[in-house]
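Everything below concerns the one structure shown next.
The values are calculated or read from the model by the stated rules, or taken from the named source; none is laboratory data. Model, not experiment: these values are computed from the prediction. Note that each Cβ is placed from the backbone with ideal geometry, even for glycine, and that neighbours are counted across all protein chains shown. Calculation scope for accessible area: heavy atoms of the full protein, side chains included, ligands and nucleic acids excluded. Shrake-Rupley method; radii C 1.70, N 1.55, O 1.52, S 1.80 Å.
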Amino acid sequence: MKRNYLYIAITLVLSACSENSTLDMKGMFSPNGETVNTRFEQSMAYNKSRGEISLDMGTDEYIVYVCTDSHITRKTHRNLDYFMAQYKAETAPKVAIHLGDVIDAQKNFPCADSILHFAGQTIKDTIFVTPGNHDIYFKQWSIYRDYFKSGSYWFETRNGAKKLDLFICLDSAEGSLGTEQTKWLRELLESKSKEGYRRMIVYTHTHLWKLDMSQGHTSNMALEETYELTSLLGQYKIPYVWCGHQHARQSVFFKGVNYLVLNATKDSEKGQSYMKVEMGDAAIYHYIDYPKSSL
């Protein structure tokens, strides 16, 4: 038995040393690079320099495309390309959101041409991204920032002077929001809850409700943090929290909040799908399977 454990340990270490490995052993058990508080500080500095994001949809009704966990490599990014093609072909006013783990392993960010080209562009081609654990493994946070600029931010949609919806992105790539980001979220919800939005939606990578142990210790946040966060979101009547990470669809309704965990976009994953949300007086969501030809 000890010999088997030793073999497994050696295999993991050797795999982690490979250039294309998805295993960052240090990063899986402790921060391997900037901590969540440091990432949050850097994100806030960028947000301040950029200014607020207020998107005029020109109508009260628009579409949000949402995907997660594309885990692209140099050879496997068909589903992400398909998602972006469907998004770009949409004729209605629209935005898109990627819930993290854009890449699968180190040095794969340049392969995401279809998403990188449109990140942070005009309202006709706007996609927002939140960092996942794979995106910051191997000390890649600085590379992520080069492409997507910020991991914690908010944006609003409006119709002329009329406020519509507020979207809040949280950096949970490390399995924790950290003290400073949690404080920011609390103050942001308190402030924005008074501005007359028809709804406020939160999105992040790490989900709060563990299905199994497939993601190990990074499956969800610490119990105390989960309690604080769910209480806060319930207090401000957040209707939806959109998450990824688990690679399996799930819906949990808790304290008035609907936590939606999406299937993965990864080419080789079973049950691949993305979400299309019709935003109006109600937020009506549909799951759309990727075509089998993209497997």
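Being within 16 Å of the chain's Cα centre (by Cα) and closer than 15 Å to ASP69 by Cβ is true for just one of VAL241, VAL261. Which residue is that?
It is VAL261.
From the set of residues in the range 157-181 that are touching a Phe, Trp or Tyr at 6+ places or on another chain (Cβ under 9 Å) and acidic (Asp, Glu), which is surrounded by the fewest Cβ atoms within 10 Å (Cβ to Cβ)?
If we take residues in the range 157-181 being touching a Phe, Trp or Tyr at 6+ places or on another chain (Cβ under 9 Å) and acidic (Asp, Glu), then GLU180 is surrounded by the fewest Cβ atoms within 10 Å (Cβ to Cβ).
If the requirement is being charged (D, E, K, R), touching a helix residue (DSSP H, G or I) at 6+ places or on another chain (Cβ under 8 Å), over 25 Å from THR265 (Cβ atoms) and at pLDDT 95 or above, which of these qualifies: GLU180, GLU195?
Only one candidate qualifies: GLU180.
Restricting the range 88-111 to residues that are assigned to a loop (DSSP other than H, G, I, E, B) and without any contact (Cβ under 8 Å) to a residue 40 or more places away in the chain, which is most open to solvent (accessible area, probe 1.4 Å)?
THR91
Residues being under 20 Å from ILE284 (Cβ atoms), touching an Asp or Glu at 6+ places or on another chain (Cβ under 8 Å) and buried (at least 21 other Cβ atoms within 10 Å of the Cβ): count how many of those fall in the range 63-87.
Qualifying residue count for the region: 2.
Identify, by number, the condition in (1) in contact (Cβ under 8 Å) with a residue 60 or more places away in the chain; (2) open to solvent by 30 Å² or more (accessible area, probe 1.4 Å); (3) not in a helix (DSSP H, G or I) that LEU55 doesn't meet.
For LEU55, the exception is condition (2).
Regarding the range 203-222, can at least one residue be identified that is over 19 Å from the mean Cα position of the chain (by Cα), open to solvent by less than 20 Å² (accessible area, probe 1.4 Å) and at pLDDT 95 or above?
No, that holds for no residue.
Out of all the residues in the range 146-156, which are outside any loop (DSSP other than H, G, I, E, B) and open to solvent by 30 Å² or more (accessible area, probe 1.4 Å)?
Within the range 146-156, ASP146, TYR147, TRP154 meet the criteria.
Hey, among TRP141, TRP184, which residue is open to solvent by 20 Å² or more (accessible area, probe 1.4 Å) and hydrophobic (A, V, I, L, M, F, W, C)?
Only one candidate passes the filter, namely TRP184.
Could you please give the count of residues in the range 157-194 that are out of contact with any Leu (no Cβ under 8 Å at 6 or more places or on another chain), under 26 Å from MET57 (Cβ atoms) and in a loop (DSSP other than H, G, I, E, B)?
Result for the range 157-194: 4.
Hey, among SER176, SER193, SER150, which residue is more than 21 Å from TYR227 (Cβ to Cβ) and either among the hydroxyl-bearing types (Ser, Thr, Tyr) or in contact with a strand residue (DSSP E or B) (Cβ under 6 Å, 6 or more places away or on another chain) (or both)?
Criteria check complete, one pass: SER150.
Report the residue count in the range 223-277 for those that are charged (D, E, K, R), farther than 19 Å from TYR87 by Cβ and buried (at least 17 other Cβ atoms within 10 Å of the Cβ).
2
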